[in-house]
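**Student:** Sharing a structure with you now.
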Amino acid sequence: MMNFKKKLNPLSLGLLAGCLAIIAVLALASTKAQKPLRILLITSGCCHNYDFQSKALQDALVGKADAQWTIVNEGGKGTEGMIDLYNNPNWAKGYDVVVHNECFADTKDEAYIHKITQAHYAGTPAVVIHCAMHTYRTSPIAEEWREFLGVTSRRHDHQSKYPVKRLLAYNPITKDMPETWTTPMDELYVIEKLWPNATALASSVSEEDGKTYPCVWTNKYGKARLFGTTWGHGDATFKDPVYLSIVSRGILWAAGRLD
């Protein structure tokens, strides 16, 4: 009777251990990918249909991720609102990404704003949409907010249908975006500064001054990654499939679920 028992040599043992390690890593990654994506959406303020926008953002992720949304719609419809949630030192704890779609241009409280940026600097990923770029713009620490955003903007051009040029075809957020896309009626924000840790992904040309401005970008703020876009004024934009694809991919990228 033949004996098939063999001792594994050190090389074989090393290969076996390596294979087992790879299998363990893949299993862990698979388990992580299956966990629901916990999204905190902060919304409210002046000038926009936030109920409609919130529903559109939720619908855009259907089929792309198992998302659990927490929506905080506080602060009223003016320009000086404050959101009670931020008074909790652990307001961002437990969320994979925070979407900022609030619009409070005249809120100035420095300690209040620092509570928001501090949580992101510590590592909570973020997505910033449209009027978030003009939020807190009159505060003494507006530059801290702008560093978080990755852009500086104080005003916007008139509403129009703006051609958008994709700048980075290889980026996971914009790789499926058309090379050229025209927005529905929307506002082009004038970006005075792209901060050093920000990377422009798409741009548009102003009809007023003829200059080119970033309109889609990513940023690194402390330990956090951020996706931003200045588009998102009216309902028509939040019905546009290209826009919703860009934003939903931006949410997934910020949360580490895209690349």
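**Student:** State whether one or more residues within the stretch 31-42 are open to solvent by 70 Å² or more (accessible area, probe 1.4 Å) and within 22 Å of S139 (Cβ to Cβ).
**Tutor:** No.
**Student:** Can you pull out the residues in the stretch 84-99 that are buried (at least 16 other Cβ atoms within 10 Å of the Cβ) and of a type in the set (G, A, S)?
**Tutor:** A92, the sole residue that qualifies.
**Student:** Which pairs turn up if I take residues in the stretch 160-184 that are closer than 15 Å to A200 by Cβ and look for partners that are acidic (D, E) and not in a strand (DSSP E or B) with beta carbon separation below 6 Å, at least 6 apart in sequence or on another chain?
**Tutor:** Partner pairs satisfying both residue conditions: R166/E179.
**Student:** Are there strands (runs of 3 or more DSSP E) fully within the stretch 174-231 with at least 1 residues that are of a type in the set (A, V, I, L, M) and open to solvent by less than 10 Å² (accessible area, probe 1.4 Å)? List them.
**Tutor:** Because the criterion is at least 1 residues that are of a type in the set (A, V, I, L, M) and open to solvent by less than 10 Å² (accessible area, probe 1.4 Å), the strands (runs of 3 or more DSSP E) in the stretch 174-231 that meet it are 186-194, 198-205, 212-221, 224-229.
**Student:** Among what's in the stretch 100-154 and is touching a residue at least 40 places away in the same chain (Cβ under 8 Å), aromatic (F, W, Y) and assigned to a helix (DSSP H, G or I), pick the residue that is most open to solvent (accessible area, probe 1.4 Å).
**Tutor:** Here the answer is Y121.
The values are calculated or read from the model by the stated rules, or taken from the named source; none is laboratory data. All values reported here derive from a predicted model rather than from experimental measurement. Methodologically, a virtual Cβ is constructed for each residue, glycine included, from the backbone with ideal geometry; neighbour enumeration extends over all protein chains shown. We work out accessible area using only protein heavy atoms, side chains counted, and drop any ligands, DNA or RNA first. Shrake-Rupley method; radii C 1.70, N 1.55, O 1.52, S 1.80 Å.
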